[in-house]
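A short write-up of the structure that comes next.
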Amino acid sequence: MIKKNNRILFNLALLSFMLILFLSGCATPSSQEKRGMELYSSGDYDNALVQLEKAFKDKPNSNLRILLFRAKLNSYYSHLYMARQYKGQEKRDEAIKEYNIALTIFPNNKSLTDELNEFITGKKESAPPFQSSIKPPVTLKVNPAEKMDLKLRNTPITKIFAAMGKSYGVNFIFDKDFRDFVYSIEVENTNFYDLLGQLCMVSGTDYRILDKASVLIFQDNTFKKRTFGLRGLKVFYLSNIKAEDAKKLLQTIFREQQIQVQEDTNLNTIIVRADVGSLVEVDRFINSVDKRKSEIILDVQILEITKNLTQALGVSYGDTSSSLATASAGIVDSDGKISTTMNVNSLRNTNFFLTVPSAALSFLESDDKNRIIAKPNLRGVDGEEIKFMVGDEVPVPQTQFQSSGTGGVNNVPVTTYNYKNVGVEVKLTPYIHKDNEVTIKLKLTINSVAGTENGFPTFGKRELESVIRLKEGETNIIGGFLRDEVRSGLTGIPALSRIPIIGRLFGASGSTVKQTDVIFSITPQVIRRVDIRPEDEETIWSSPQGGIIGSSETPMPSTAEADNARESAGDSVAILPSKRRVPANTDTYFTIRVSTGAMLNSLALGGTISGPKAVVEEVKTDFFAGRSVQVIKNFSGTNFDLAYSVSDDRASLSVIAQIKVRFQEKGNYTISLGGIAASTKEKKSVDLNGIPAEVEVY
């Protein structure tokens, strides 16, 4: 009977073992995780993101974290793609909706925020254009926007200067060593300073403005420049670049201009002595290179993932005592123990059971949860190294033998301690590019205590050096810093547990593999960029007349801009420059120019200024000296009227007026022309389009 019950117990133990194996094999992901993986595979990233976030909140692990991030990234790019598609299709509401969904996924994406704001407002934030702080002590009373035509053949160069001076009201004075020669010139639609530069270039001369109506012409050589040239001294206060670095740049780049540069490291300034043109070029160059560096935030996360793989198979014995219980007296005493005496003849009348030792059979594989070592937000500057260390300092003893007295034997041990960093050390150097990408030079070092040897600690080291390039907001994950520890053991009844095959019934053998991995993730976010204006990317051209373009209140307009406006408008009357940005409460000059192939005999027009508050202070029409052109003009407040009658066949209406305007308040203004009536000598009407001017007052 006992053998029969033993067989039953063995079968029960085997059944329990099979049941545990079945339950272990049925360990499946949660319903949210399973549903999220299905939605992710089908491309429904939004709903997959919801399910995976719930699953990760309930049971976080490394694999689910990576899958969750991939779902976020795919959902983000899907909505961003749709937003830009709607933007191209001019579907405003749909585009804004998709932009906002993308921002809810990555709310700290500054570039996407700027893109959305630019789309909503229709304006892109830009810095104001550069305005040079270099002002010559005296400037000519010449409007640089006025154009002229000049055709002279086999004429002394001094006569050409005089003809140009007569047209603009400028008196040219020549140095006693100036050599006259015969020259032919034919230019059209050229402003004063372009023509002056051309004449100085062909004659090998330079010029100096003496007063508002006088210019000195002298030979372009070192002696004459030292005698007549105007040189100024300017202190440039630097904000970002170091003074010694700026000095090296200027001395190299402006070597031919023979400028003098001295730095002041205490105030971080440079002092430059040069002619006016060179000072203007230096001013613009310093403004282009003295930029604050871009700043960045690196979102770093360091995870330690420990995987414990435990395998146990066999019977684990707990209580090793055995007892026999029956319903008959004489077999079991009152304490529940077997009696020392038992009547064997009474066994046939006894019902009994055998309580064997409690058995537990297990087969387990599990992963421990992740541990976040550090999660810093590191702010740094473009090109500067960022260091971060998390861990401990472990003392390492070092023993040296010294003598106890002078001339003695080195037999006294002296122990000192050096401290070694144990943990994770990160070194990052970001380089920010114009295309919203960041190059990161990184060095990741992991130091750990590997064990002890002869009482001294031994250290393990895992190190990575790499250079990666990421888009702003893109996350890079680095892993694979694995470390394994393997332990095995056997527990159970001595001797019996070691019997092959059946020994599993009397004991349990197990092995534990502890695997440690470090996951390093980094996400760059640019929070401040280099302030680069469009003119910073333009070429700085050097010339003897560089920077002398009249006063800062009357800058010379772009010739190409005026030409393009006239070509697109055909026969027209234009206000030049067509676009300007000027300070409030300063005198601003505009030129009215006629572009037509017909010889006009009469012209009448009216103009008006619309905007917050402005006034027309002067209308100048004295451009027809020596020619029979009658002019009638009238101006008051924001309006002006002009009328011309030509009686000289040689006279042509080109530059017809110059208006002086004072804008008294900040805002946007428009100077428009209307009521234009023109006719030829044959009384044939000519249609002229009026081209307005747009003015921004700050």
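One line per residue, one yes/no per condition, for (1) part of a loop (DSSP other than H, G, I, E, B); (2) buried (at least 16 other Cβ atoms within 10 Å of the Cβ); (3) in contact with a strand residue (DSSP E or B) (Cβ under 7 Å, 6 or more places away or on another chain); (4) modelled with pLDDT of 90 or more:
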| site | (1), (2), (3), (4) |
| --- | --- |
| Glu186 | no, no, yes, no |
| Leu195 | no, yes, yes, no |
| Met201 | no, no, no, no |
| Asp206 | no, yes, yes, no |
| Thr227 | no, no, no, no |
| Val235 | no, no, yes, yes |
| Ser239 | yes, no, no, no |
| Asp245 | no, no, no, yes |
| Leu250 | no, yes, yes, yes |
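Taking the listed residues Glu696, Glu682, Glu617, the one that is over 20 Å from Lys147 (Cβ atoms), touching a strand residue (DSSP E or B) at 6+ places or on another chain (Cβ under 9 Å), among the acidic types (Asp, Glu) and at pLDDT 90 or above is Glu617, with no other qualifying. For the stretch 55-67, a tally of residues being of a type outside the set (Gly, Ala, Ser) and in contact with a Gly (Cβ under 8 Å, 6 or more places away or on another chain) returns 1.
Across the stretch 252-282, the number of residues qualifying as outside any helix (DSSP H, G or I), of a type in the set (Val, Ile, Thr) and under 25 Å from Pro137 (Cβ atoms) comes to 6.
To keep it simple, each residue is scored yes or no on (1) touching a residue at least 24 places away in the same chain (Cβ under 8 Å); (2) open to solvent by 50 Å² or more (accessible area, probe 1.4 Å).
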position	(1), (2)
Ile632	no, yes
Gly637	no, no
Phe640	yes, no
Val655	yes, no
Ile671	yes, no
Gly674	yes, no
Ser685	no, yes
Ile691	yes, no
Glu696	yes, yes
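Annotation note: Cβ proximity below 8 Å between a residue of the stretch 107-131 that is modelled with pLDDT of 70 or more and a residue that is among the hydroxyl-bearing types (Ser, Thr, Tyr) (sequence gap 6+ or interchain) occurs for Leu112/Tyr99; Glu115/Tyr99; Leu116/Tyr99; Phe119/Tyr99; Gln131/Ser552. When the stretch 144-193 is filtered for residues that are touching a Leu at 6+ places or on another chain (Cβ under 6 Å), without any contact (Cβ under 8 Å) to a residue 60 or more places away in the chain and farther than 25 Å from Asn221 by Cα, only Val187 remains.
The values are calculated or read from the model by the stated rules, or taken from the named source; none is laboratory data. Remember, it's a predicted structure, so these values are computed and weren't measured experimentally. So basically every Cβ, Gly included, is an ideal-geometry build from the backbone, and we count neighbours across all protein chains shown. Areas reflect the complete protein model, heavy atoms only, side chains present, ligands, DNA and RNA absent. Shrake-Rupley method; radii C 1.70, N 1.55, O 1.52, S 1.80 Å.
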